[in-house]
Amino acid sequence: MVNIDQLVRPNIRQLKPYSSARDEFKGHASVWLDANENPFNSGLNRYPDPRQQKLKTILAEQKGISPDQIFLGNGSDEPIDLLFRAFCEPNQDQVLIFPPTYGMYEVSANINAIDIQEQPLTSDFQIDLEAVLPRLNNPLIKMIFICTPNNPTGNSIDASAIEAIASVFNGIIVIDEAYADFSEAPSWINSIQQHPNIVVLQTFSKARGLAGIRLGMAYSSPEVIAVLNKIKPPYNISTLTQTEALSQLEEPEALEPVIDEIVREREWLAEQLSTLKMVKEVYPSDANFLLVAFDNPKQLFATLVENGIILRDRTSAVPNTLRITVGTAEENHKLINLLKEMEA
């Protein structure tokens with residue numbers, strides 16, 4: 001079994017965390033004179049719950065885990081950054097990523113002065129186990145990032161490959177499931193009991209349609225979550241964010257129809273795009289977007305911008321590709337109609 005405490009940077013292990021006023025007193029009172037807040041009630045004059053207990057309790061019930069296995073951050077970017085701070089020694093340790101993948105792993109590594117090791121995905125965007133398993137003997141590699149479904153390719157990573165890595169790697173394995181709601185693959189949250197070094201990232205930004213509140217979740221063993229709580233800013237999730245998230249979680253039945261509609265539109269878009277001569281390939285997707293290879297993506301991108309339609313240029317990650325987020329039926333039809341007009 002992996003010893004999480006031994007993975008933590010020594011200075012973090014010895015760190016005495018900041019204790020906020022709301023950490024030191026957690027009961028009920030009628031007069032609050034402890035936190036230097038404005039006493040006049042605006043509805044937002046008091047600091048938010050630093051541990052987000054109500055939100056974590058509901059999430060724990062829905063995910064079938066305990067609240068102490070949940071960390072909430074400012075989007076997924078905050079737990080990504082905190083994981084680097086907790087488990088990687090600057091200018092010494094390394095992390096392993098599988099490009100093409102989400103760019104913030106590399107950015108956060110660079111910010112934290114952590115060397116990046118890359119193992120490119122195969123031609124069908126899967127992990128090359130024969131190539132990667134020998135590299136896991138490197139004691140300097142402290143974290144591995146696996147995005148599934150992967151951004152920008154859209155496909156899910158083979159679960160057997162992830163399991164093979166988890167069975168031999170003794171560092172932290174971060175599995176980013178930002179797009180998992182659009183996939184039929186089971187969540188790796190189900191594996192954090194067996195693998196306490198796995199950290200699963202999810203978000204309110206995609207399927208839940210709340211990108212504007214900036215709320216991400218990290219699910220892991222209580223030992224990992226305790227480390228993240230130890231080094232996070234005291235009030236990292238605002239009252240407004242917690243309130244909006246709670247409001248949506250209280251209506252869980254509203255999520256499935258939205259996901260179903262996005263998946264239907266994704267399949268319609270893929271079908272329509274595959275009929276166009278300018279399209280070289282529509283890559284399979286388990287996400288809310290499609291990666292599409294075009295004959296002349298740069299020119300097409302510019303033409304679409306002139307017509308008020310914005311895609312994402314991913315030619316730097318995968319040659320000749322643009323990434324198309326699934327929009328409403330009206331938006332998707334507008335895109336396809338314009339592409340068909342361009343071919344006429």
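Here are the numbers for this structure:
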| quantity | calculated |
| --- | --- |
| FRET E, pair E331, A21, Förster distance 35 Å, beta-carbon r, rounded to 0.05 | 0.15 |
| Options Y47, S30, G73, ranked by Cα towards positive dipole end of the stretch 25-81, top entry (Cβ charges) | S30 |
| Computed Rg/Rh of the stretch 262-344, alpha carbon atoms with Kirkwood Rh | 0.91 |
| Within the chain: Cβ-based charge dipole about Cα centre, in debye rounded to nearest 20 (Lys, Arg +1; Asp, Glu -1) | 940 debye |
| Residue pairs, from the table K63/K232; K56/K206; K26/K142; K54/K142; K16/K56, whose Cα atoms sit over 30 Å apart | K26/K142; K54/K142 |
| Label-point gap, in nm, between A254 and D124 - each point 7 angstrom along Cα→Cβ | 4.0 nm |
| Sites L140 and E341 - FRET efficiency at Förster radius 51 Å, r taken between beta-carbons, to 0.05 | 0.40 |
| Considering only the chain, percent of DSSP beta bridges that pair antiparallel, nearest 5 | 55 percent |
| Whole-number percent relative contact order across the chain, with pairs defined as alpha carbons under 8 Å at least 6 apart | 18 percent |
| Degrees separating the helix 297-306 axis from the principal Cα axis of the chain, which is the longest one | 80 degrees |
| 0 to 90° range, to nearest 10: angle between helix 255-273 axis and the chain longest Cα axis | 30 degrees |
| Ascending count of other beta-carbon atoms within 10 Å, so fewest first, for F301, F145, F125 | F301, F125, F145 |
| Magnitude of the charge dipole, the stretch 117-177, Cβ model with Lys/Arg +1 and Asp/Glu -1, debye to 20 | 260 debye |
| Around D124: net Lys/Arg minus Asp/Glu count, Cβ-Cβ under 14 Å | -4 |
| Kirkwood Rh, Cα atoms: Rg over Rh of the chain | 1.00 |
| Ranked list, fewest to most other Cβ atoms within 10 Å of each Cβ, for M342, M1, M217, M278 | M1, M342, M278, M217 |
| Cβ-Cβ FRET estimate between S42 and E261, R0 fixed at 22 Å, reported to 0.05 | 0.05 |
| Nearest 10 degrees, 0 to 90: helix 53-63 Cα axis against the chain principal axis | 50 degrees |
| Contour excess over end-to-end distance, with Cα ends at D313 and I58 and 0.36 nm allotted per residue | 88.0 nm |
| Simple label model, 7 Å out from Cα along Cβ direction - S247 to S66, nm | 3.3 nm |
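Each reported figure results from applying straightforward, stated rules to the coordinates on display, with no laboratory input. Predicted, not measured: the structure shown is a model, and the values here were computed from it. Backbone-built Cβ (ideal geometry, glycine too); neighbour counts: all protein chains shown.
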